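Scroll down for the structure; my scribbles are underneath it.
Computed from the coordinates by the stated procedures, all read-outs in this text should not be read as laboratory data. Owing to the predicted nature of the structure, the values given are computational and were not obtained by experimental measurement. Cβ: placed from backbone, ideal geometry, glycine included. Neighbour counts: every protein chain shown.
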Amino acid sequence: MISIFDPATDIDLNAVDFGTPARDSQVQVSLNIDGRSISVPQGTSVMRAAALLGTTIPKLCATDSLEAFGSCRMCLVEIDGMRGYPASCTTPVSEGMVVHTQTPKLATLRRNVMELYISDHPLDCLTCSANGNCELQTVAGQVGLREVRYGYDGANHLDEQKDTSNPYFDYDPSKCIVCNRCVRACEETQGTFALTISGRGFESRVAAAGGDNFLDSECVSCGACVQACPTATLMEKSVVQMGQPERAVITTCAYCGVGCSFRAEMKGEQLVRMVPDKNGQANHGHSCVKGRFAWGYATHPDRITKPMIRKHINDPWQEVSWDEAVTYAASELRRIQLKYGRDSIGGITSSRCTNEETYLVQKLVRAAFGNNNVDTCARVCHSPTGYGLKQTLGESAGTQSFDSVMQADVILVMGANPSDAHPVFGSQLKRRLREGAKLIVIDPRRIDLVDSVHARAELHLALRPGTNVAMLNALAHVIVTEGLVNQAFVDARCEPEAFAQWSAFVSRADNSPEVLGAICGVPAADIRAAARLYATGGNAAIYYGLGVTEHSQGSTAVMGIANLAMATGNIGREGVGVNPLRGQNNVQGSCDMGSFPHELPGYRHISNQAVRQEFEQAWNVTLQADPGLRIPNMFEAALGGSFKGLYCQGEDIAQSDPNTQHVTAALSAMECVVVQDIFLNETAKFAHVFLPGSSFLEKDGTFTNAERRISRVRKVMEPLGGKADWEGTLALAAALGYPMHYNHPSEIMDEIARLTPTFTGVSYASLDRHGSLQWPCNAAAPDGTPTMHIDEFVRGKGRFMLTGYVPTDEKVNGRYPLLLTTGRILSQYNVGAQTRRTDNVAWHAEDRLEIHPTDAESRGINEGDWVGIGSRAGQTVLRARVTERVAPGVVYTTFHFPESGANVITTDNSDWATNCPEYKVTAVEVSRVYHPSEWQKRYQAFSDEQHRLLDERRRSRGGKAEVRR
Ligand code: SF4
Ligand code: SF4
Ligand code: SF4
Ligand code: FES
């Protein structure tokens, strides 16, 4: 296990539960505990002060992730001058206080309380899943309990039935000591309020609200209650099955852009459970169902662990050695270049892979392929963020830490659904709302945040899909014309001419809420109210997601958001800012690492000769000065016959990119597709070389989350396929005649740091020291940069950009009268390759089409019916969910299951600046049907055939590969 020591006390922060949360106060209070002195921040509990001294006070209902509750009476102390025996968890320290934690009277009191607990507890410690890690057991030992005078025959709860309905944890009420920690964890940490204590006194029991059991209840399976439970009452099934873990390694979640830090708790080489790390700077000990529980895919039988090759995609696969696979791939890629030219091949990096792996793939493309045909899956999600923020603020990244939200007074969430897609940040945001911050939601759907428990949105502007820029201009109009601009900020920090032009532009009558509100489908009064609240409500922060970027005007909308923040002075300090919520774990990192065809690492343009020369010297090659192909250009070129070979690491373009039939036609037109992945994903079905990928548990590296936070990923088990992904890329590079020499990913990071000005202070040693670091991290900011643009913008003066609203070409008409928008759901992740192979399917086993009751009724559609959905791009069939979550005229689906074909429907329309696809606006018609679509039938037949070819793969017998020619 990794120890993190508090420099002041030398206590291992990972090992100690301080009983109550830390307090943040400048005022220090001195007291004496058992003859020793200590100073702690005002507001600290006596229990925490004692723990900081290394003194253990027995406790059951207290834990340092939750506010004290004071119910168990185990933590009693004596305090000079104070009557009775106060609970140390609920008693704050005061100046000069003298505390005694161990006296004969206290020992008797504590033993008496413990006797009561034990008289109603099954004494099956030896066979209990918590044995060795049970706080009740520990405290019984601490208080020296030797007998239970009441016997075990009185009224008790020992026969109560277990609830095993949740796929990941059990609830055994016979072991419950009603300490309330689970209820408080669900409220304070997660913000779901799914648990209550029902009944009174002896009848008190934990109950999950909204259902008969945990699975059917409102519980979202975040696991906070399981972590908080001091006994085996709430226990991970994996621990029940495998026993208590023996060691732990700190690593980072490989799902979303929150980047939660976890302790991977191991028994030998087996992962037993993932426990969110309470010192994790992005998550502070919290997690969601994906990171905590959905890791079973890593050892799923579908994993492909041997390299494979084949000449044609209708040939059976042949298992070969790594050497044979990369030699074959390299010879094919070189053959293609010889025949079709240097630019006929390219590579795609993945936002799921580490920074080091991504860096290597772009290096391989630029140095070994000899062109700049490298792109990343961030193309299809946040490329407009990179472009829009660079233009306005000067840096392609969000401006804040997640913790900054705790200083926000007004929170504007636009085109994002944090409680589903960034759940741990969603919980933090809800905590701030419960403290009184105001919320504005701009989204076509009624997302959970709009009316979650104790955290309702002040305003929900349910705009029509595709009208973000109109909405942002209308908001800007109100701010400018009603005199709400922070002129002092603008004068000091922004380019005056650009501001004057922007201000004149947004002030025009055609940008008023009265005009644009009609286009957005939102009352002008609501837009005015939102603008006033954002501009005058104190610290105002904007959080946005793919609902902003994935549009034909995605980059324009990002610039519109930056304009609003600059105009109101809401940037450059805590509690404000422009915060893109990145979808995948390493979207920020894959962009930082030079994955775009026009940029070298650190967002420096490939045409910049000085920068290029630095890389040329370091890599010992000549680099091309012209940008290479973006992903959509690669597809076009493939269909045009000039792009024939692709190296695709960890990205499933055949499922995740829009207009599936276009993508698969492009893949089919290529002569060598090399896929490096952990499963035979949709893209791999079109591949000629398969290199087994490694899961995040099988490699070292770093991920960079949505707050620019670089965190370590640490290997906890050997790669099932024999190589970590970075080693696979090294093997391919060597086979191409461009050997790269690294013994460990830390050496790759050292090279990144040498060549990237914003990373010069980053190394594995500095990451281990700090826990994590937010870039820029260099001589000017050796401890990293939590908040950007504090004194000036990265580009110097902030630049307002004109954001004329141009309606998308994708229009509804008589044939396609509804607008489809797409999104994610909590339990599934992106293309679903990982989460579909876990018990998360218990919550979401298929993609459904949400449709408003009015639209459903007029089409004769009922809940659960099969419905055909057709657009100008294609047709598919899903089952209907009739709900008022979507407005009339709008339908919505997720895209987690390949057979649903959500991207068969989406079109080739894309952002004007970055080609980010317009996933969020597709004109469609929906009708009741009884059969799968033609595409689905073709997909199923092709997929079945590919699985047959996989099942029939020939095993290598140590000889040469037999590739049919
Ligand atoms: S798992 Fe999370 S949401 Fe469910 S009851 Fe426990 S704390 Fe609440
Ligand atoms: S389930 Fe666990 S945490 Fe909840 S009240 Fe019972 S013992 Fe305490
Ligand atoms: S999926 Fe996101 S919120 Fe959930 S545990 Fe992983 S990083 Fe955290
Ligand atoms: S730990 Fe203080 S009352 Fe329970």
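What is the dipole size for segment 692-798, taken about its Cα centre, with +1 at each Lys and Arg Cβ and -1 at each Asp and Glu Cβ, in debye to the nearest 20? Intermediate values should be presented prior to the final figure.
Working: 11 positive and 13 negative charges, 37 e Å.
It comes to approximately 180 debye.
Which is farthest toward the positive dipole end of the chain among PHE214, PRO307, GLY426, measuring Cα position about the Cα centre, with Cβ charges +1 (Lys, Arg) and -1 (Asp, Glu)? Looking along the dipole axis, the top candidate is PRO307.
Spin-label pair GLN661-HIS300: with each label point 7 Å from Cα along the Cα-Cβ axis, the two points sit 2.8 nm from one another.
What does the net charge come to around ASP865 if you take all other residues with beta carbon closer than 11 Å to its beta carbon, with K and R at +1 and D and E at -1?
Details: positive: ARG848, ARG859, ARG879, ARG881, ARG928; negative: GLU863.
Taking every Cβ under 11 Å from that of ASP865, the sum is +4.
Amide H contacts of VAL924: LEU818, LEU819, LEU820, each under 5 Å away and 5 or more positions distant or on a separate chain (H built 1.01 Å from N in the peptide plane; Pro and chain starts excluded).
Where Rh is the Kirkwood radius over the Cα pairs of segment 25-82, the temperature 20 °C and the viscosity 1.002 mPa s, what D in µm²/s does Stokes-Einstein return? Using the Kirkwood radius from Cα pairs, D works out to 174 µm²/s.
How would segment 766-900 be classified by its alpha-carbon gyration tensor: rounded, prolate or oblate, with rounded meaning a/c under 1.5 and the a/b versus b/c comparison settling the rest?
oblate
In terms of other Cβ atoms within 10 Å, ILE825, ILE309, ILE348 run from fewest to most in the order ILE825, ILE348, ILE309.
Full extension of the chain between SER94 and ASP24 gives 23.7 nm of extra length, using 0.36 nm per residue less the Cα-Cα distance. For segment 614-719, a/c is not less than 1.5, where a ≥ b ≥ c are the root eigenvalues of the C-alpha gyration tensor, and a/b does not top b/c. That puts it in the oblate class. Working ranking of peptides 854-865, 565-576 by packing, defined as the average number of other Cβ atoms within 10 Å per residue, highest first, is 565-576, 854-865.
With unit charges on the beta carbon (Lys/Arg positive, Asp/Glu negative), name the residue among LEU755, PHE643, PRO739 whose Cα is farthest towards the positive pole of the charge dipole of segment 641-792. My answer, from the dipole projection, is PRO739. The 3J(HN,Hα) values that the Karplus relation (6.51, -1.76, 1.60; θ = phi - 60°) gives for segment 300-306 are, in residue order, 5, x, 6, 4, 9, 10, 10 Hz. Gly and Pro appear as x.
If you rank LYS937, LYS311 by fewest surrounding Cβ atoms within 10 Å, what's the result? Don't jump to the answer; show the numbers that get you there.
On the way: LYS937 11, LYS311 16.
Going from least to most buried by this count: LYS937, LYS311.
Going by average Cβ density within 10 Å per residue, which order do the peptides 49-60, 839-850, 616-627 take, highest to lowest?
Numbers: 49-60: 22.0, 839-850: 19.1, 616-627: 13.7.
Going by the mean number of other Cβ atoms within 10 Å, highest first, we get 49-60, 839-850, 616-627.
Net charge near SER401, counting Lys/Arg +1 and Asp/Glu -1 over other residues with Cβ under 11 Å of its Cβ? In short, -1. Placing a label point 7 Å from the Cα of ASN620 along the Cα-to-Cβ direction, the residues of segment 365-403 whose backbone N falls under 16 Å from that point are 367-369.
Computed from backbone phi, the HN-Hα couplings of segment 44-61 come to 5, 7, 4, 4, 5, 4, 5, 4, 5, 7, x, 9, 8, 9, x, 8, 10, 8 Hz, rounded to whole numbers (Karplus: 6.51 cos²θ - 1.76 cosθ + 1.60, θ = phi - 60°; Gly and Pro given as x). Among the listed pairs LYS430/LYS797; LYS290/LYS311; LYS237/LYS699; LYS339/LYS920, those with a Cα-Cα distance over 28 Å are LYS430/LYS797; LYS290/LYS311; LYS339/LYS920.
Remark on PHE193: its backbone amide H falls under 5 Å from those of GLU187, a criterion applied only to residues 5 or more positions apart or on other chains, H modelled at 1.01 Å from N. Estimated from helices alone, the mean residue ellipticity of the chain at 222 nm is -8000 deg cm²/dmol (sum of -39500 (n - 2.57) over DSSP H runs with n ≥ 4, per residue).
Which shape class applies to segment 504-585: rounded if a/c is under 1.5, otherwise prolate when a/b exceeds b/c and oblate if not, where a ≥ b ≥ c are the square roots of the Cα gyration tensor eigenvalues? Cα axes put segment 504-585 in the oblate bin.
Separation of segment 759-807 and segment 445-491, taken as the distance between their Cα centroids, equals 26 angstrom.
At the listed q of 0.06, 0.08 Å⁻¹, the Debye profile of the chain, built from one uniform point per Cα, gives log10 I(q)/I(0) equal to -0.45, -0.80.
The ranking of GLU810, GLU497, GLU115 from fewest to most other beta carbons within 10 Å of each one's beta carbon is GLU497, GLU115, GLU810.
Quick one: putting +1 on the C-beta of Lys and Arg, -1 on the C-beta of Asp and Glu, what dipole do you get for the chain around its Cα centre, in Debye to the nearest 20? Walk me through the numbers on the way to the answer.
Numbers: 93 positive and 108 negative charges, 170 e Å.
Dipole size: approximately 820 debye.
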